[in-house]
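Have a look at the structure below before the remarks.
Here, each number is a calculation from the coordinates, and none is a lab measurement. Computed from a predicted structure; not experimentally measured. Neighbour counts run over all protein chains shown; Cβ positions are idealised from the backbone, glycine included.
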Amino acid sequence: MHRNIIRTAVFAAAVAVLALVASPATAAVYDIDGAHSSATFKVKHLAISTVSGGFGKVSGKVTWDPADPTKSVVDATIDTSSIDTQNAGRDEHLKSPDFFDVATHPTITFKSTKVEPAGDGRLKVTGDLTLRGVTKPVVLDVEGPVTPIKDPRGNMKTGATATTKINRQDFGVSWSKTLDGGGLVVSDDVWITIELELAQAKDTAAAAK
């Protein structure tokens, strides 16, 4: 009887090991490729035109699990000093305490709390956005990630585009002036687009081989 118990235990252990080998983890960790990624925004100016700007320095990591997207994780950081609106005077104003207060708040961060499939190669990513020291939940509408490809250097790459709209007043970015007709010099609504190119981290790439 003892031999039967031992045989059963050994068989169960062997089955468990084979199951692990036959079903490797599908999740992979990707680094945000800062040279090919950006975060841009648009606001209404004088209620008659749209002004665009962006941040040139975006970094972070994305854990992507195509088999179960709900297990995916996004952790991104934007360097506020990298703001660029193609106007030096405006950029300096935006870096001041009237807007981003770069000296006190050098980064904007986003940390996901929930990832949900949204159909047709899209995701809905809910997370905490921290801007000027204020943290609020926001929802990103994401197109992608696309099927990974190998670049000319042999690195596995994928990409995604995320969009959302926030009210800057929610984050303490309250500077503006009222026009004679009642509108604002700068709109409260801000439209945001994040373009990401992702490179599979070396450690997970090696583990996947």
Checklist line | Neighbour-count ranking [beta-carbon atoms within 10 angstrom, fewest first] of T135, T80, T147 | finding: T147, T135, T80
Notebook entry, point to check: Got a sec to turn the phi values of the range 55-68 into Karplus ³J(HN,Hα) couplings, 6.51 cos²θ - 1.76 cosθ + 1.60 with θ = phi - 60°, whole Hz, x for Gly and Pro?
Noted result: 10, x, 10, 10, 9, x, 9, 10, 9, 10, 10, x, 6, 8
Next item on the list: First select every other residue whose beta carbon is under 9 angstrom from the beta carbon of K111; then total the charges, Lys and Arg +1, Asp and Glu -1.
Entry: -2
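Pull out a ≥ b ≥ c, the square roots of the eigenvalues of the alpha-carbon gyration tensor of the range 25-208, then state rounded if a/c is under 1.5, prolate if not and a/b is larger than b/c, and oblate in the remaining case.
The shape class here is prolate.
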Note to self: List the residues, sorted by chain then number, that are 5 or more residues from S37 or on another chain and whose placed amide H is less than 5 Å from its amide H.
What the structure shows: E197
Margin query: Can you tell me the length gained on complete extension of the stretch S174 to K61, counting 0.36 nm per residue apart and subtracting the Cα distance?
Written below: 37.6 nm
Notebook entry, point to check: If the limit is 29 Å between Cα atoms, which of K136/K202; K71/K165; K71/K95; K95/K202 go over it?
Noted result: K136/K202; K71/K95; K95/K202
Next item on the list: Please work out the FRET efficiency for the pair T70 and N155, using the Cβ-Cβ distance as r and a Förster radius of 30 Å; give the result to the nearest 0.05.
Entry: 0.65
Check: Once amide H atoms are placed 1.01 Å from N in the peptide plane, what residues at a sequence separation of 5 or more from H105, or on another chain, have their amide H within under 5 Å of its amide H?
Finding: none
